[in-house]
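Structure, as structure tokens:
Quick note: the coordinates plus some simple rules give every number you see, no bench work behind them. Quantities reported herein were computed from a predicted structural model and do not represent experimental measurements. Methodologically, a virtual Cβ is constructed for each residue, glycine included, from the backbone with ideal geometry; neighbour enumeration extends over all protein chains shown.
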Amino acid sequence: MESFPIDTLPSVGDIHLACFTGVRNAADLKERLQVQDKSLTFAMVESNLIMDVFQILLAATKAAQDNESGKLKTQTLSSEIVYNLSPTNNIAESLKRFGITEDTTSLIAVKIGGDPDEVLEDMSNTVDGNLISFSKLDQEKDMEKLRKFYKIDPKVTDDKAILNWIIGGIAMKNVQ
Amino acid sequence: MIALGLEGSANKLGIGLIQHDMTTSPPTVTILANVRHTYHPPPGEGFLPKDTALHHRSHILELIRNALADAKITPKEIDVICFTKGPGMGGPLTSVATVARTLALMWKKELVGVNHCVGHIEMGRQITGAENPVVLYVSGGNTQVIAYAEKRYRIFGEALDIAVGNCLDRFARVLNLPNDPAPGYNIEQLAKKGTKLVDLPYTVKGMDVSFSGVLSYIETNAPALLASGEYTEADLCFSLQETVFAMLVETTERAMAHIGSKEVLIVGGVGCNMRLQQMMDQMASQRGGKVFATDERFCIDNGIMIAQAGILAYQTGYTTPLEKTWCTQRFRTDEVFVAWRE
Amino acid sequence: MIHNAQLIKQGAEAKVYLAPFCQRQAIIKERFAKAYRHPTLDKKLTSRRVVQEARCLNRCQKALIDTPTVYMVDLENSLIYMEYIEGISVREFLVTAEGETPEAQSRVAKEIGTALGKMHNIEVVHGDLTTSNLMMRKETGGSVVLIDFGLSYVSNLIEDKAVDLYVLERAFTSTHPNTEVMFAQILEAYGESSKAAKLILKKLEDVRMRGRKRSMLG
């Protein structure tokens with residue numbers, strides 16, 4: 001697991017990220033999300049839609065900001081992180097696209113605030129999979145979906161430009 | 001050295017006599033006379049060129065006599081006759097220029113044709129002592145943000161359609177406010193009682209502004225806003241002033257930032273408005289700068305300003321030969337070569 | 001606002017900071033309140049302009065014009081977080097040994113003209129084109145990036161686009177002597193990338209003739 005400060009709101013605590021592959025209990029996790037199980041205290045996103053750690057830190061930072069000003073669009077801070085990854089304002093579709101499915105085998109768990117050791121323990125106990133480092137992630141991107149979800153111009157081909165396009169989409173969500 | 005100034009480019013007819021004592025450096029300036037007569041059309045109407053020219057023709061001789069009497073001088077003591085060459089309304093301009101030419105021939109004096117806008121700027125500088133300010137020139141016919149550079153008054157920003165004074169005057173007509181002493185003055189007085197801000201169009205493009213949108217919006221919506229009882233006439237005047245003046249202050253500030261100036265001088269008829277002066281002062285204070293403004297004697301069109309700008313040009317050897325004393329409705333501020341400044 | 005943000009520029013309507021943000025260096029642009037403006041009007045204008053600037057930047061990005069990527073828009077505090085471009089401005093470049101060579105000037109001119117043509121094609125008018133607002137990206141070896149869209153707006157008017165070019169021309173002539181050739185090359189490249197180049201360049205001549213401003217009635 002890795003932890004990053006929220007530069008705009010240091011007092012809220014860090015953004016904790018843990019990547020899991022070979023996840024075996026996605027169906028169970030999805031079920032718990034659907035019944036809004038309160039014991040699930042972190043967000044889970046499809047890791048093949050994350051190009052760069054910046055993308056997820058940005059979504060989490062925006063969620064933390066909106067939580068602070070009481071302006072969450074979704075029910076919880078966790079769902080807000082997933083929602084923020086999507087460039088559209090359709091909540092159900094955003095959560096479906098960027099959240100996990102029953103068939104998910106690779107995911108990123110995200111939590112804002114809390115003691116790192118406790119967070120990691122909670123995540124490891126909840127997700128049945130192999131904890132890997134963030135650098136392994138780039139092998140698993142689903143470019144087809146990314147292009148579709150972020151409506152990326154076909155002429156944009158290099159990774160940096162694709163990432164910038166994605167970031168722009170996340171940034172402009174509240175000022176469309 | 002004494003100059004007679006004749007101004008009549010719009011509905012004010014002004015005659016001024018100014019003296020520059022050339023034995024001191026810089027010359028000591030004395031205002032010998034500053035008289036004015038204003039043409040007021042009935043409420044709800046604007047002034048038409050024909051009626052305005054008639055007004056000027058009927059009052060100019062009496063006004064010149066009054067000025068000479070105030071100054072206690074005879075025509076013999078005058079060195080140069082200065083008149084407004086433009087910009088302005090054709091009829092009124094030429095009716096005054098005709099008198100200027102006639103007097104020059106009768107009294108055997110030189111003539112100097114003066115740009116009306118430059119007249120405002122030079123008078124403002126003289127009265128306030130502002131050294132090198134950004135100038136906001138606001139009147140019924142003009143809206144310009146000006147700064148001096150390399151022998152010209154350069155226009156940094158201006159109204160892309162109607163002038164701010166015209167916008168205020170036309171709204172005064174909608175409310176049927178009297179034209180006496182000035183429609184804009186009556187808007188200003190009413191605005192003091194306003195409290196509620198109506199959301200109006202605000203159009204600034206870089207250093208340029210546009211007032212036609214806000215005018216047509218408020219003209220169209222005023223009857224309904226008033227009928228609803230939610231807003232009073234005072235609220236509408238207040239809202240209009242707050243909106244258009246904010247546009248002016250914003251572009252002026254941008255020009256100040258651009259050229260790195262801390263001084264701002266407001267000239268022209270709308271420049272008398274105390275709320276505009278107050279807003280400009282707040283802006284300047286936030287930047288650590290200063291506002292210069294004049295009162296109605298000098299910011300409203302007058303003859304003294306024409307005499308002042310004319311005498312400055314005359315001192316550099318400039319005169320307008322008789323065959324070139326025609327008037328022009330269009331005469332840009334930056335067309336004038338400002339020989340008298342460094 | 002980030003507590004260790006470093007103020008790098010104070011303009012007439014905004015302060016610009018450099019600050020760490022999500023493991024990167026970011027530019028934060030803060031528009032501040034104007035005391036002279038009615039508070040309701042001030043709030044409306046400030047928030048409208050924050051949105052306008054972010055939208056113009058994003059619009060350019062989507063049209064593949066190199067501009068800073070917008071990271072986050074905080075409407076409540078009138079902040080735009082955006083990409084920090086490492087490099088020098090064209091203004092700085094033109095006084096370097098390399099920047100004084102005709103070859104380098106020609107390359108940069110071509111890039112500027114092409115970018116401006118593309119920007120006008122999507123109806124974005126920059127509003128404040130100067131050589132300080134044209135950056136050269138260090139990581140690509142000096143490709144041109146358009147920055148500071150604080151006065152930008154969307155317009156399809158030929159006039160607005162011509163004035164946009166004229167403002168840049170004045171910036172060139174007032175700050176960089178002997179760059180007439182370079183500016184001509186900018187217009188040449190602009191002519192190739194802008195769809196309405198013919199009309200806009202013709203209008204530019206009019207704008208030049210009248211010294212930017214049209215004649216006014218008194």
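Summary of values
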{"read-out": "Packing-based exposure ordering (other Cβ within 10 Å, fewest first) of A:39, C:132, B:210, A:47", "value": "A:39, C:132, B:210, A:47"}
{"read-out": "Pair residue B:286, residue B:319: separation of 7 Å Cα→Cβ label points (nm)", "value": "5.1 nm"}
{"read-out": "Nearest-0.05 FRET efficiency for residue B:326 and residue C:143, computed from C-beta distance (R0 60 Å)", "value": "0.60"}
{"read-out": "Förster radius 45 Å - calculated FRET efficiency between residue B:70 and residue C:154 (Cβ-Cβ, nearest 0.05)", "value": "0.20"}
{"read-out": "Degrees between helix C:158-175 axis and first principal axis of chain C (Cα, 0 to 90, nearest 10)", "value": "90 degrees"}
{"read-out": "Under Karplus coefficients 6.51, -1.76 and 1.60, residue-wise ³J(HN,Hα) of the stretch A:31-38 in Hz, glycine/proline x", "value": "4, 5, 5, 5, 8, 6, 4, 5"}
{"read-out": "Lys/Arg +1, Asp/Glu -1 at C-beta; the stretch A:2-95 dipole; positive extreme among A:85, A:8, A:75", "value": "A:75"}
{"read-out": "Tilt relative to chain C, helix C:102-121 - C-alpha long axis, 0 to 90 degrees, to 10", "value": "70 degrees"}
{"read-out": "Cβ charges +1 (Lys, Arg) and -1 (Asp, Glu), total dipole of the stretch C:87-209, debye", "value": "220 debye"}
{"read-out": "Debye, to nearest 20: dipole size of chain A, +1 on Lys, Arg Cβ, -1 on Asp, Glu Cβ", "value": "800 debye"}
{"read-out": "Ranked list, fewest to most other Cβ atoms within 10 Å of each Cβ, for A:49, B:61", "value": "B:61, A:49"}
{"read-out": "Dipole in debye (nearest 20) - chain C, about Cα centre, beta carbon charges: Lys, Arg +1; Asp, Glu -1", "value": "860 debye"}
{"read-out": "Shielding by partners, peptide C:62-72 (average Cβ within 10 angstrom, other chains)", "value": "5"}
{"read-out": "Charge dipole (chain B, unit charges on Cβ, about Cα centre) - positive-most of B:218, B:26, B:81", "value": "B:81"}
{"read-out": "Residue-wise HN-Hα coupling along the stretch C:52-67, computed from phi with Karplus coefficients 6.51, -1.76, 1.60 (Hz; x: Gly, Pro)", "value": "4, 5, 4, 5, 5, 4, 5, 4, 5, 4, 5, 8, 6, 9, 5, 9"}
{"read-out": "At most 14 other Cβ within 10 Å, DSSP loop - GluC sites (Glu not before Pro), the stretch B:104-176", "value": "B:131, B:150"}
{"read-out": "Residue C:77-residue A:148 pseudo-label distance in nm [points 7 Å out on the Cα-to-Cβ vector]", "value": "3.8 nm"}
{"read-out": "Relative contact order computed over chain C (Cα-Cα under 8 Å; 6+ residues apart), in percent", "value": "18 percent"}
{"read-out": "Point-to-point label distance, residue A:158-residue B:102, nm (Cα→Cβ direction, 7 Å offset)", "value": "7.9 nm"}
{"read-out": "Amide hydrogen neighbours beyond the local backbone of residue C:21, cut-off 5 Å, H modeled", "value": "C:26"}
{"read-out": "The stretch C:59-95: GluC sites (Glu not before Pro) in DSSP loop, at most 14 other beta carbons within 10 Å", "value": "C:76, C:86"}
{"read-out": "Ranking of A:4, B:83 by count of other Cβ atoms within 10 Å, fewest first", "value": "A:4, B:83"}
{"read-out": "Spin-label zone in the stretch A:2-22 - amide nitrogen under 17 Å from a point set 7 Å from the Cα of residue A:28 along the C-beta vector", "value": "A:20-22"}
